[in-house]
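Derivation of every value follows stated rules applied to the coordinates shown; laboratory data play no part. This is a predicted model, so every value here is computed, not measured. No Cβ is skipped: glycine too gets one built from the backbone with ideal geometry, and neighbour counts run over all protein chains shown.
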Amino acid sequence: MRTFIHNTYAVFRRELSRIIDKKIYLVMMFGLPLVSFVFFSFIFKNSIDSLPIAVLDQDNTPLSRQLTSMIDETASALVAYEIQDMEEGMQLMREGKIYAILQIPAFFEKDVNGNTQTHIEFYNSGCNITVNGLLEKDVQTVVKTFSTGIQLKLLGAKGLTARQAMAQAMPISFERHILFNPYINYSYYLAPSFLAMMLLIFSVLTTVYAIGTELKFSTAKEWLDTGGGSILAALTGKMLPITISMFAMTLVMHWIVFDILGAPMNGSSAMLIISGLVFILSYQAIGIFAITVFDNLRLALSFGGGYSVLAFTFSGLTFPTMAMYMGIQIFSYVFPFTFYMRIYVDIAMRGAPIAYALPDLGYMMLFQVLAIAVIPRLRRLCLDKKYWGKL
Amino acid sequence: MKLKQYISLYAKEAASVMRNEYRAIFTDGGVMLILIFAIFIYSTLYGLAYGNQVLRNVPIGVIDNSKTSSSRALIDSFNAGPNAYVAYEAADMEEAKKLFYDRDIYGIVYIPSDYEKQLVGGLQAHVSLYCDASYFLMYRQVFQEIVGTLTQTGAMVEFQRLVAQGINIPQAQAVTQPVIYQSHNLFNPYLGYGTFVMPAIIMAIIQQTLLIGIGMIGGTWHEFDLYRKLTPVGEERMSTIPVVLGKTLTYMSICAVTTAYILTIHYHLYKYPMNGHPMTIIGLMLPYLLACIFLGITVSTLFTRRENSILWLLWSSIPLLLLSGVSYPGDAMPQWLFGIGNIFPSSHAINAFIRVQDMGAGFEDILPEITALWRLAVIYGGTALIAMHLTLNKELRLRIKNKVVKTVAIRKQTKRATR
């Protein structure tokens with residue numbers, strides 16, 4: 001054991017001097033992750049509001065203008081154009097200037113005052129589902145509120161008290177409680193997931209690079225010898241600086257997400273921090289696996305990189321896994337990111353007890369098997385000249 | 001006469017650059033994976049992930065404390081819609097919460113014990129709903145379904161009460177719902193997720209694979225010393241224009257194959273909307289690909305090793321997708337950040353491409369984007385020429401220096417030998 005620690009430390013020191021020697025290491029371990037973090041902090045600092053829409057007001061009365069200004073006052077919508085006909089609106093849409101068109105029909109005010117049913121048409125572009133959803137929610141709410149207001153007035157005119165009128169207009173009232181993300185803030189789960197994506201990309205690439213360059217520049221034997229011939233010591237010493245830097249980055253990530261962006265933290269911070277460490281380690285295991293199997297730096301980088309960026313889609317954060325084909329649902333488990341984000345949602349957003357996150361943590365740990373399985377081959381790569389110097 | 005000589009010399013040099021470029025690409029698995037196969041693999045995998053397009057049948061839980069025919073009817077009407085269904089009837093909030101943490105349900109409706117009594121008595125019944133907003137699409141589907149059902153049931157009760165009071169049917173309708181709200185989703189009527197994100201992803205993949213792939217080959221040129229090996233006999237160094245031209249033609253030819261696959265076969269297989277006129281799409285793709293390739297060549301001169309381009313560029317794929325304003329609208333991000341986004345071809349191309357394919361926008365509708373792309377193509381064409389010119393000069397200086405060092409060393413050796 002003592003020799004193991006001694007050997008690991010020797011490799012660790014050798015690794016540190018390599019890192020200082022090659023600036024690309026520092027770029028990968030600190031520079032680019034931080035740059036990307038800053039980028040995402042700025043992107044998600046603002047919330048989505050004032051999405052431009054057009055109004056086709058064929059009534060042009062005080063009442064129709066009142067409805068228009070009510071919609072303009074919502075958080076998401078901004079009435080940017082008043083148009084004369086539908087074609088004009090469609091043209092604006094094709095030019096990318098508006099997301100939706102609200103149509104108020106002729107005789108709107110007359111019908112409302114004359115106790116005749118009327119209607120509002122909302123043409124909402126489906127090209128951007130996020131925008132579509134936000135506008136739909138706000139415009140629908142405004143029209144419903146508007147409609148209820150008219151009802152109450154009508155019922156009041158019939159001699160009902162305000163309370164009676166309310167009971168009549170809304171026989172079933174509902175109280176809505178939004179669990180876990182009370183502000184329905186899009187960035188609360190997008191921000192941590194994108195930051196975690198950056199971490200996993202750099203963990204995989206740096207791991208592959210750290211081992212791959214030993215092969216490419218024929219220093220693999222020297223690396224193994226520094227570890228006293230023990231591949232385990234050599235690998236541990238090599239991985240340690242990367243683990244430390246990436247783990248430090250997860251802490252920076254927590255700081256950005258919870259303190260700067262103000263996302264809720266409803267559960268155990270310790271659990272999330274431990275999960276962050278396991279998350280980093282699992283992606284390092286994948287990196288070790290890729291470079292050992294391909295024994296070629298470039299191919300392993302292309303494969304590892306290509307695999308890394310896939311994780312987001314298959315985690316089901318935006319398009320739920322539940323809605324995917326069965327085969328794809330199974331495929332989503334080859335990404336530790338899927339488990340990590342489940343833990344994030346459970347712990348940080350839902351405030352679930354730790355017990356609910358433990359299985360996912362266990363699955364993430366299973367990825368270590370990939371690294372362990374290829375260790376004998378990695379040792380061979382270090383000893384056999386024929387694997388070295390591939391440009 | 002001199003001009004003609006130049007042209008034939010340049011053509012020869014460009015042809016030799018192209019030959020070498022193809023060889024460099026097709027003998028390197030890492031490059032082929034990124035530059036050629038990535039687009040097939042990614043478009044297929046992403047396409048499959050979003051294959052179902054819409055989320056249906058999200059399980060929800062109900063706590064029914066009323067246990068009356070009215071509350072049963074309400075529960076049944078939750079099941080009638082396509083987006084959610086009642087998977088569990090929980091006894092109390094504790095049980096519902098547990099189901100919730102277990103991810104068995106994604107929303108809870110609480111029906112109080114006085115539900116029927118209030119309704120029959122002409123009073124107001126209060127229903128509580130708890131929606132999970134940790135997954136957005138789930139939230140949307142569940143919320144829509146429950147609120148829609150409650151509103152409808154409420155309107156029915158109100159209507160019946162009015163009719164019972166002896167009010168005629170059109171009047172009762174007008175009181176129940178003075179303003180009907182009708183919403184129409186244009187271009188993507190069922191709000192398919194794949195239809196929404198795939199055009200953007202495809203355009204981003206095209207740019208990113210080009211930038212990384214060209215960057216890798218840039219490293220190959222340096223590592224294999226192709227700058228020297230490809231120099232025509234009797235010349236000191238290669239000329240700038242043929243190198244850039246030869247590279248551009250090579251990558252254009254590869255893009256012609258990959259983008260043709262995407263825009264025809266892939267689009268057809270996954271049934272994405274294809275409302276754009278082919279000429280509009282070509283008019284958009286041409287400046288886009290040129291701008292990407294020229295940007296790629298410019299950046300590639302910075303890479304002295306083949307592995308560097310992926311290390312430096314891979315992460316940028318997600319930020320660039322965001323900068324185009326697709327998953328997070330551009331109106332929401334700081335203006336200066338949106339401005340930075342405009343220096344990347346993808347930002348313009350993604351926005352224009354979505355409008356062309358989904359809305360059937362024509363050439364005039366996307367003219368601002370096409371102009372911007374041509375502008376970028378010209379700018380990056382210029383930077384590609386300058387960067388390549390400087391690199392060729394640098395490589396030449398390096399070679400002369402090495403030669404001097406070598407000859408000095410040889411001279412020293414011979415001196416020592418003669419001694």
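Details
- Highest mean first, the peptides A:245-254, A:186-195 sorted by other C-beta atoms within 10 Å per residue fall in the order A:186-195, A:245-254.
- Relative to the dominant Cα principal axis of chain B, helix B:2-26 is inclined by about 60°.
- Computed FRET value (nearest 0.05) for B:Glu89 with A:His177, which takes r as the C-beta separation and R₀ as 25 Å: 0.85
- Per residue, the average separation of C-alpha pairs within less than 8 Å and at least 6 apart gives the range A:1-125 a relative contact order of 23 percent.
- Separation of the range A:146-175 from the range A:13-46 is 60 Å, based on Cα centroids.
- A cut-off under 14 angstrom between Cβ atoms defines the neighbours of B:Ser128, and their net charge, with Lys, Arg +1 and Asp, Glu -1, is -2.
- Cα gyration tensor, the protein assembly as shown - rounded (a/c under 1.5), prolate or oblate: oblate
- Other-chain or far-sequence residues with amide H under 5 Å of B:Val58's (modelled H): B:Ala84, B:Tyr85
- Listed residues B:Tyr270, B:Tyr46, B:Val244: farthest to the positive end of the dipole of the protein assembly as shown (Cβ charges): B:Val244
- Extreme residue, positive dipole direction of the range A:51-169, given options A:Leu92, A:Ser76, A:Asn128 (C-beta unit charges): A:Ser76
- Residue-by-residue Karplus 3J(HN,Hα) for the range A:209-226, coefficients 6.51, -1.76, 1.60, Hz, glycine and proline x: 5, 4, 7, x, 5, 5, 6, 4, 9, 6, 10, 4, 5, 4, 4, 5, 5, 4
- For B:Gln53, residues with placed amide H under 5 Å, excluding near neighbours: B:Tyr193, B:Gly194
- Span from the the range A:327-391 Cα centroid across to the the range A:267-316 one, whole angstrom: 6
- Listed residue (A:Leu34, A:Val374, A:Ala311) projecting farthest to the positive dipole end of chain A, Cβ model: A:Val374
- Degrees between helix B:345-359 axis and first principal axis of chain B (Cα, 0 to 90, nearest 10): 40
- Dipole magnitude of the range A:51-169 about its Cα centre (Cβ charges: Lys, Arg +1; Asp, Glu -1), debye to nearest 20: 640
- In percent, rounded to a whole number, the relative contact order of chain A is 19, using alpha-carbon pairs under 8 Å and six or more apart.
- Net dipole in debye of chain A [+1 Lys, Arg Cβ; -1 Asp, Glu Cβ; about Cα centre; nearest 20]: 2120
- For the range A:370-378, the Karplus equation 6.51 cos²θ - 1.76 cosθ + 1.60, evaluated at θ = phi - 60°, returns couplings of 4, 5, 4, 4, 9, 4, x, 5, 4 Hz by residue, with Gly and Pro reported as x.
- Near the amide H of B:Leu186, within less than 5 Å, lie the amide hydrogens of A:Asn124, A:Ser125, A:Gly126, all on another chain or at least 5 residues away, with H placed in the peptide plane.
- C-alpha long axis of helix A:269-294 to longest principal axis of chain A, angle in °: 60
- Cα gyration tensor category, rounded, prolate or oblate, for the range B:58-176 with a/c compared to 1.5: prolate
- Bridges between two residues of the range B:58-176, per DSSP, are antiparallel at a rate of about 30%.
- Mean Cα-pair separation over length for chain B, i.e. relative contact order, pairs under 8 Å, 6 or more apart, %: 19
- This ranking places B:His222, A:His119, B:His348 by how few other beta-carbon atoms lie within 10 Å of each, fewest first, which gives A:His119, B:His222, B:His348.
- What you get for the range B:182-277, charging only the Cβ of Lys and Arg (+1) and of Asp and Glu (-1), is a dipole of about 180 debye around the Cα centre.
- When each of A:Lys144/B:Lys98; B:Lys2/B:Lys394; A:Lys390/B:Lys412; A:Lys23/A:Lys216; A:Lys238/B:Lys406; A:Lys110/A:Lys153 is checked by Cα-Cα distance, pairs over 26 Å: A:Lys144/B:Lys98; B:Lys2/B:Lys394; A:Lys390/B:Lys412; A:Lys238/B:Lys406
- C-alpha center-to-center spacing [the range B:170-199, the range B:343-408] in angstrom: 44
- Phi angles of the range B:65-80 translate, via the Karplus equation with coefficients 6.51, -1.76, 1.60 and θ = phi - 60°, into HN-Hα couplings of 8, 7, 6, 10, 5, 5, 6, 4, 4, 5, 4, 4, 6, 5, 6, 5 Hz per residue; Gly and Pro are given as x.
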